[in-house]
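The numbers here are math on the coordinates, done by the rules we state, and not lab data. Values in this document were obtained by computation on a predicted structure and should not be read as measured data. For neighbour counting, all protein chains shown are included, and Cβ atoms are generated from backbone atoms with ideal geometry for every residue, glycine included.
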């Protein structure tokens, strides 16, 4: 079947190592005629051959195996996309064998291919009266600037909007989605301990974006109730909020989003935890008059959140594109007085789980965003101006960085666990094996915690802790709430290594 320029074709990422996934790519001249490979069709232009020179990278290639006729590859009069195939139409499962536990990084589409574009609704503004009393701590000039009405954002509804981005962004997002599926799958049956550490790492990275930073040991101790570090306690609350987000991911609705926020702020700000804001908020500046951005007035928040939930319930949008837009819309609405960034990033993990991209682990996307927070905030600004492309591209690129970092964390944990077993003076009992498994998930623990979570007796718990302490796998720390605490130094080092790699920020 002839393929006209600009037509969308279904492409399969393939190599001699197996199929990697499918998606839609625009045909462009001779690139779709199969002239680059020996196994392509011998009649250029008559049918779609195997190969696409622009996407040939490191021995991997986008191979065309089906064409979509031009009359079914356009944007309809009512806004629907007439196309066939694409990752959104297929189960989000990776096919083919893993490649040494890693997704081929060369398989990243370059800019060039495009799909029909469309305008995404940008925010508007409305004048809002400002009735707050002057802040006597401000200078006279600041007080004068903070008088009279201000402009607040008007967030457009997106429940039925058609999200279209440039072709290279769409292709990148699809490959990133396949990478996340593969990462989730590659951890196999041993995902449980890594899942806990990845969730902890994502929580710490998300907090660091808000300039909340603490070492893995302090965070682990804070999770046991240590209050010596206020920042570590806040991060520990974010770990709990992330866990709540995943636990509630089967049903994403406003009550569950409020529950995530309540888990995040219950310990530090109980008066506002789990409640939509009832006042104006702004980002930057000393008042909404001098702010960098003023979210919508509080009376409009609940309706905007209901619209966002309706958007997230749709099943006709590629998962990563949907998650990126949902996050940006959430941050634009800014539904809470505090904790919006951390809750919004937790929502991304919940949505990816809800859409079936992940089943076992939380992708630490925030660790990728952390590398360049300036671009992240700029992408949120572009979204508010009607362009969802930059935030989608930012999330896609961040998933590659996150899964690379996550694989290194998994390798470090596996090496540490293997070293523990090698150092044991005898074959481990079943209860000792359960102790090591818990130690991997929880790098700070007590005998009581060990007994309750593994079902072993208190005497067995103490005996196993002493064995691990004797070989250096555990070290005694401090007493928290009357209980002696042990920490796992190699697990702590692995988590700190993850954070250090994520925290290598690019210079803007």
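For the peptides 330-339, 205-214, what is the packing order when you average, over each peptide's residues, the other Cβ atoms within 10 Å and list the highest mean first? Could the numbers behind the result be given before it?
Details: 330-339: 23.1, 205-214: 19.8.
Put in order of decreasing packing, that is 330-339, 205-214.
Taking the highest mean first, how do the peptides 262-270, 441-449 order by number of other beta carbon atoms within 10 angstrom per residue? Spell out each step's value before the answer.
Working: 262-270: 18.3, 441-449: 21.2.
Descending mean neighbour count gives 441-449, 262-270.
Based on other C-beta atoms within 10 Å, arrange 457, 382, 366 from fewest to most.
Values: 457 10, 382 17, 366 29.
Starting with the residue having the fewest Cβ neighbours, the order is 457, 382, 366.
If you scale each eigenvalue of the Cα gyration tensor by 5 and take the root, what three semi-axes come out for the stretch 158-409, rounded to whole angstrom and sorted largest first?
25, 24, 17
When N counts the residues of the stretch 295-375, how does its alpha-carbon radius of gyration compare numerically with 2.2 N^0.38 Å, as a ratio?
Values: Rg = 13.1 Å, N = 81, 2.2 N^0.38 = 11.7 Å.
In units of the globular-protein estimate, the stretch 295-375 measures up at 1.12.
For all pairs of alpha-carbon atoms in the stretch 415-491, what percent lies in each bin of width 5 Å, listed from the first bin to the last filled one?
Taking all Cα pairs of the stretch 415-491, the binned fractions are 3, 17, 32, 28, 15, 4, 1 percent.
With the contact rule set at Cα under 8 Å and sequence spacing of 6 or more, what percent relative contact order holds for the stretch 212-311? Please report the intermediate quantities before stating the final value.
Values: 108 pairs, mean separation 16.9, N = 100.
RCO, the stretch 212-311: 17 percent.
Once a ≥ b ≥ c are taken as the square roots of the eigenvalues of the Cα gyration tensor of the stretch 170-306, is the result rounded (a/c under 1.5), prolate (a/b larger than b/c) or oblate (a/b not larger than b/c)? Working shown, then result.
Numbers: a/c = 1.78, a/b = 1.29, b/c = 1.39.
Taking the square roots of the gyration eigenvalues as a ≥ b ≥ c, the stretch 170-306 is oblate.
Of the listed peptides 401-409, 461-469, what is their order by residue-averaged count of other C-beta atoms within 10 Å, with the highest listed first?
On the way: 401-409: 22.2, 461-469: 18.7.
Those peptides, ordered most packed to least, come out 401-409, 461-469.
Order by neighbour count: 426, 479, fewest other Cβ atoms within 10 Å first, most last.
Working: 426 7, 479 11.
The order, fewest Cβ neighbours first, is 426, 479.
Give the relative contact order (percent, whole number) for the stretch 410-497; include only Cα pairs under 8 Å separated by 6+ residues.
On the way: 88 pairs, mean separation 27.1, N = 88.
Contact order relative to length: 31 percent.
When the Cα centres of the stretch 259-295 and the stretch 321-368 are compared, how far apart do they sit, in Å?
The distance from the Cα centre of the stretch 259-295 to that of the stretch 321-368 comes to 17 Å.
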